Number of protein chains: 8
Amino acid sequence: METSEKPQVGIIMGSDSDLPVMQDAVKQLEAFGVPYEITVVSAHRTPDRAAEYAKTAIERGLKVIIAAAGGAAHLAGVTAAMTTLPVIGVPIKTETLNGMDSLYSTVQMPPGVPVATVAINGAKNAAILAVQILAIADESLKQKLVQYKKDLNDKVLEKAKKMEGGQI
Amino acid sequence: METSEKPQVGIIMGSDSDLPVMQDAVKQLEAFGVPYEITVVSAHRTPDRAAEYAKTAIERGLKVIIAAAGGAAHLAGVTAAMTTLPVIGVPIKTETLNGMDSLYSTVQMPPGVPVATVAINGAKNAAILAVQILAIADESLKQKLVQYKKDLNDKVLEKAKKMEGGQI
Amino acid sequence: METSEKPQVGIIMGSDSDLPVMQDAVKQLEAFGVPYEITVVSAHRTPDRAAEYAKTAIERGLKVIIAAAGGAAHLAGVTAAMTTLPVIGVPIKTETLNGMDSLYSTVQMPPGVPVATVAINGAKNAAILAVQILAIADESLKQKLVQYKKDLNDKVLEKAKKMEGGQI
Amino acid sequence: METSEKPQVGIIMGSDSDLPVMQDAVKQLEAFGVPYEITVVSAHRTPDRAAEYAKTAIERGLKVIIAAAGGAAHLAGVTAAMTTLPVIGVPIKTETLNGMDSLYSTVQMPPGVPVATVAINGAKNAAILAVQILAIADESLKQKLVQYKKDLNDKVLEKAKKMEGGQI
Amino acid sequence: METSEKPQVGIIMGSDSDLPVMQDAVKQLEAFGVPYEITVVSAHRTPDRAAEYAKTAIERGLKVIIAAAGGAAHLAGVTAAMTTLPVIGVPIKTETLNGMDSLYSTVQMPPGVPVATVAINGAKNAAILAVQILAIADESLKQKLVQYKKDLNDKVLEKAKKMEGGQI
Amino acid sequence: METSEKPQVGIIMGSDSDLPVMQDAVKQLEAFGVPYEITVVSAHRTPDRAAEYAKTAIERGLKVIIAAAGGAAHLAGVTAAMTTLPVIGVPIKTETLNGMDSLYSTVQMPPGVPVATVAINGAKNAAILAVQILAIADESLKQKLVQYKKDLNDKVLEKAKKMEGGQI
Amino acid sequence: METSEKPQVGIIMGSDSDLPVMQDAVKQLEAFGVPYEITVVSAHRTPDRAAEYAKTAIERGLKVIIAAAGGAAHLAGVTAAMTTLPVIGVPIKTETLNGMDSLYSTVQMPPGVPVATVAINGAKNAAILAVQILAIADESLKQKLVQYKKDLNDKVLEKAKKMEGGQI
Amino acid sequence: METSEKPQVGIIMGSDSDLPVMQDAVKQLEAFGVPYEITVVSAHRTPDRAAEYAKTAIERGLKVIIAAAGGAAHLAGVTAAMTTLPVIGVPIKTETLNGMDSLYSTVQMPPGVPVATVAINGAKNAAILAVQILAIADESLKQKLVQYKKDLNDKVLEKAKKMEGGQI
């Protein structure tokens, strides 16, 4: 999956089993019309590919990287180690520790190499955060974000009305 | 504290007792020459000010907000609710739960409103992340980040040499 | 949903998906004959509405607010920041951290702005606590609470009898 | 310690070693001019006294009870079991589990018997919550709370000014 | 349910919903031929009954009490407060915190009032522990325990044989 | 350390560094006049000695064993595996996980082999529990326990009086 | 189950209910052609057998032991106490604490007696680790590991290609 | 620091601040006479060096790698990704989460890439585990391990004697 326009956001995940969660990021980027690329990169099983991906990200035109992984989730951190682009980390929920392991492995980075961590399984927010970052230098995206926030607000108001009216 | 240039990064914290931790962010932004402003904004004790701060952030020229808070740490989330700027959250270590409460309160945001969370007390990384975000549209910052990464690397090599030589 | 009498208790929740849990609060208030209102208010998606709701609560005649939210659960805290009414927080169970995140975000409030927190998903107890608060100045409610406690006791005795008799 | 006026708030703690923490509640009640009584009641070492205290609370004129305990912190729950008054629980920080044990023991009450739980060591907030509860039927307290909230706000603004001015 | 012989072990639980778990204790006591009684006693909904149960336990001939409860699990501790008999606590698994709350509420008792805590949902072991305690002064039970340990051992050996033989 | 009378309680600990904590058990047993023995037995460093200790405990006249260990705390469980005596486990606080590791390693025993677990560092309660167990068949100990409970109660009353009188 | 060749790896588990998880270890060892034996050994129900197994392991030709257990998981530690062979511990996921208890009981060993711990339910990795250990002195295994790593890499690349092509 | 003989064990750590903890590993390897090398390698600050170190480890003659790191501790995992040697991970205690983050980041590795994890700050055991692994093919080391275990045992016996004699 990859948009025809030159991708600005790279979505990588440690395993293809993370795809169902990460589809939320894809949908959100598409809703904002942000070109992206998506693929599997494993910090542990394809370490050279991970290095290659991170090191060439800037020259390939990427501006933000979203990296998702579970368990001892090193993908985001390892990527952040090899690029100066902002890296957004999505800790994937795990069967045993519910993603608490993924969260700690992603967020507790040492001084010098930050990972912008979102909630466990927070793929949608990872995409929105990427858009917010891109919007700093993109007026049209900025407008879309304003509209998005308005829509979020309106949807809640609608639900509120229904609940107040006893319809839900 | 505020740089004479128009601030691009706003650093806010829930209490002035968070300042010792947040000084690391200040130092790092200064090292990168990024203009910033810094103040106290409490989501719980000055809610109107928090709303005002977030809502006027864009028109005041801010591009990224760093928000630090401890315990039921709502500052970053509440700020993110009222601006489309990227908001970086710094969970402050607490005396009772060591910052696990701050971390969960900051990172576990609902779909639609992300907070880019860094490590507990990770003020330095918050600043670097802010620089990385600004660098997307700022070639000079990009170069500084490349140099910063190189310096990080070199400092470790130097330490490695010393350790290998039995000097530490 | 709203009682015809002027509401004394306001039930708000961060998402309509919290309604199944919060129905327990509704039922309990109805059982005590306490007029209430119920709606959706999101601290993150409708921050202005949240402020408005909290700030007008007293003049609209509310005496207690019950606020339910999950994850980085800011609704109760944000509401408490903007009213002097007692605010009862219900941490909603989450899929990833089981509500431990909601609990910490709700209960670990900073000095000056308390939230009266009940158990994770403790909607029923939130309602009873609201009734206990109202009963301080309402003799009839006080009597109902005495009866409620007696009924609780009797139901257990009945179960105990059955178990002792080998019927369950 | 006990005010000369008839106490409206009863502060009890499981051990006199909790007093340093609970002094914050005392000071806050005194600041609001709310008459209180304070004593040691142990759910485990003086169970009869605990029952007696809870059962006679209403007739002795108490309107709210603040109960503090650490570890397997049963005092608040046991008190709530024997009175219809609202009971505010203060989980005390422990040496081994940092108060996580106290928090869970206090907040996770079963349906029917709520405890209004505040933060670990949150004695000050317990007092404010008690005042908020009393203020429902006490206009003068209501005004004091409005003032208190204003003061909280002003103190932060003052700190903010200082920080912005580089004085702290 | 109650054996015809004078009960030596009292099994109490906070709710009849704990019965499926506690049946394991019943079965185990029956297997050892230890007379028991079983009933519901809630520390929170029937506090007087809880006190009564604990205070009369010795004169009614009980020698050990097994108390099971979930969440803010006070039953074992409250019982231990009012009897000098050994009280065995069974923390019941909860839907939200998996029984971690029950465990902490049961085991973290203050100096002076111990509860002999077994594993979360460890009803079977509670019964065996009760038997071990009774066996100190009962030679016939001691023999049965020796046999029980031998049977445990033999069952594992049998399983081991099967697994080594590839039958499982 | 060993009483001249034939020991009824054996206190063992995984390391002599646990002695400061376990002194509380010693003092308590001495206060009750219960003969005991105390030594170091490591499940990991002296496994044969651990087996020997457990297997000969009954014939040496022991009636209860108190086993203390920290970290992957196997001593109590391993002892319980090799004797039919009741084994009381004391999880020792650790530097890294505060004793949460010791607690889980001690209490979460599999069906068939219980360990009567007390609080983290709960050496005093381990001794009292041992006394309660011995008291089942020892009328004089039973009387001492009744007195002990009365003293506990009285000491709290005294503290309560002082606090009510403003003396503490 | 046991290979015809003299086993080099011994797989033991605390209960036959752990077999479904441990089959992953079996499959992996078979894939590498490493002879193994597999059986049930319970540290708590068959302590003598556990001692026997560990003490005779070397003379029976074993070079590595994989020990799996859940809850208060002592099997790996107890085995490590009685052999100088490297012992790999597999913490088994539990129903109540999700294997956090098993993990702490396995990994937090005291100085002097290490257990090489892998992830909760990480049976496959236990086998690979065993192979890595054997490969130190076995050139053919070393080659197989190189190939295995290459295959891991290639499988990810294939998945990546598919995802990039929009086929998954 | 490096032994004159060709190193068989490589000790790497993410920061020179980990050295005080890792000295225990050094001492232990020296006690066993195992040649080693020690240096700083940061997965995040010197990713190329980390790759280089891991990839050349075998040809440089290393047989086991010990990798220590704290927080989002990726060093051991990243190293394991790039060598077929057994990698032992030492989770370093952290100031905020006490090393729980380091532990999860180190042990929860995905299938295919194991890390042999020891206790938090368990540097000594990491060294012993390395020796156990080397001893498989080194009869002299095997003998030393047998002696080491005997010494461990004897030291405890000595302590036990002293404690029994009341000398400690």
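The values are calculated or read from the model by the stated rules, or taken from the named source; none is laboratory data. Please read all numbers here as calculations on a predicted model, not as lab measurements. Methodologically, a virtual Cβ is constructed for each residue, glycine included, from the backbone with ideal geometry; neighbour enumeration extends over all protein chains shown. Accessible surface is based on the protein model in full, side chains and every heavy atom, while ligands, DNA and RNA are left aside. Shrake-Rupley method; radii C 1.70, N 1.55, O 1.52, S 1.80 Å.
Structure notes:
- Size descriptor for the protein assembly as shown, Kirkwood hydrodynamic radius: 32.1 Å (Cα pairs only, one decimal).
- Reduction of at least 30 Å² in accessible surface, 1.4 Å probe, comparing all protein chains with the chain by itself, residues of the stretch C:10-50: C:16, C:19, C:39, C:40, C:44, C:45, C:46, C:47, C:48, C:49
- Mean-square fluctuations from a GNM of chain A, with a 10 angstrom spring cutoff on Cα atoms, peak among A:90, A:118, A:156 at A:156.
- Gaussian network model of chain A, Cα within-10 Å springs - most flexible of A:105, A:42, A:140: A:140
- All C-alpha to C-alpha distances of the stretch B:37-168, sorted into 10 Å bins beginning at zero, yield P(r) values of 12, 34, 28, 17, 6, 2 percent in whole numbers.
- Take every DSSP beta bridge whose two residues both sit in the protein assembly as shown; close to 10 percent of them are antiparallel.
- Beta bridges from DSSP with both residues in the stretch A:18-166: antiparallel share about 0 percent, rounded to the nearest 5.
- For the residue pairs D:55/E:93; D:55/F:149; G:27/H:124; B:161/H:27; E:63/F:55; G:27/H:144, the alpha carbons lie more than 29 Å apart in D:55/E:93; G:27/H:124; G:27/H:144.
- Each part gets one Cα centre, and for the stretch C:25-58 versus the stretch F:1-80 those centres are 58 Å apart.
- Accessible surface, per residue, of the protein assembly as shown when the full set of protein chains is kept, probe 1.4 Å, Å²: 32 Å²
- Put a plus charge on the Cβ of each Lys and Arg, a minus charge on the Cβ of each Asp and Glu, and nothing anywhere else: the dipole of the stretch A:38-146 about its Cα centre is then about 160 debye.
- 3J(HN,Hα) couplings calculated from phi for the stretch F:128-137 with the Karplus curve 6.51 cos²θ - 1.76 cosθ + 1.60 (θ = phi - 60°) are, in sequence order, 5, 4, 4, 5, 4, 5, 5, 5, 3, 10 Hz; Gly and Pro show x.
- For the stretch G:1-138, the residue among G:70, G:137, G:38 whose Cα projects farthest onto the positive side of the dipole built from Cβ charges is G:137.
- Rolling a 1.4 Å probe across all protein chains gives residue A:129 an accessible area of roughly 0 Å².
- Percent RCO, i.e. relative contact order, over chain G, from Cα pairs under 8 Å lying at least 6 residues apart: 21 percent
- Percent of alpha-carbon pairs separated by more than 25 Å within the stretch G:1-108: 14 percent
- Taking a Cβ cut-off of under 14 Å around residue B:13, the surrounding Lys, Arg, Asp and Glu residues balance to a net charge of 0, with basic ones at +1 and acidic ones at -1.
- Between amide H atoms placed 1.01 Å from N, distances below 5 Å from residue H:38 occur with H:11, all of them 5 or more places distant or on a separate chain.
- Label-point gap, in nm, between residue D:5 and residue E:56 - each point 7 angstrom along Cα→Cβ: 4.5 nm
- Computed from point charges on the beta carbon alone (+1 for Lys and Arg, -1 for Asp and Glu), the dipole magnitude for the protein assembly as shown about its Cα centre is near 0 Debye.
- The stretch E:1-101: antiparallel DSSP beta bridges as a percent of all, rounded to 5: 5 percent
- Hz values of 3J(HN,Hα) by residue in the stretch H:144-152 - Karplus curve (6.51, -1.76, 1.60), Gly and Pro given as x: 4, 5, 4, 5, 4, 4, 5, 5, 3
- Diffusion coefficient of the stretch E:107-168 by Stokes-Einstein, Kirkwood radius over Cα pairs, 20 °C, 1.002 mPa s: 150 µm²/s.
- Nitroxide proxy distance, nm - points 7 Å out along Cα→Cβ at residue G:48 and residue D:23: 6.2 nm
- Under a 5 Å amide H cut-off, with hydrogens placed 1.01 Å from N, residue D:89 pairs with D:67, D:116, D:117, D:118 among residues at least 5 apart or on other chains.
- When shorter helices are ignored and each DSSP H run of at least 4 residues is given -39500 (n - 2.57), the per-residue value for chain E at 222 nm works out to -14500 deg cm²/dmol.
- Highest GNM mean-square fluctuation among E:19, E:152, E:141, for chain E modelled with Cα contacts below 10 Å: E:152.
- Between G and E, buried accessible area from a 1.4 angstrom probe totals roughly 1500 Å², ignoring ligands, DNA and RNA.
- Loop trypsin sites (Lys or Arg not before Pro), the stretch C:1-109 (other Cβ atoms within 10 Å of the site Cβ: 13 or fewer; DSSP): C:60
- Remark: relative contact order (the stretch D:55-151) = 24 percent; criterion is Cα-Cα distance under 8 angstrom and separation of 6 or more residues.
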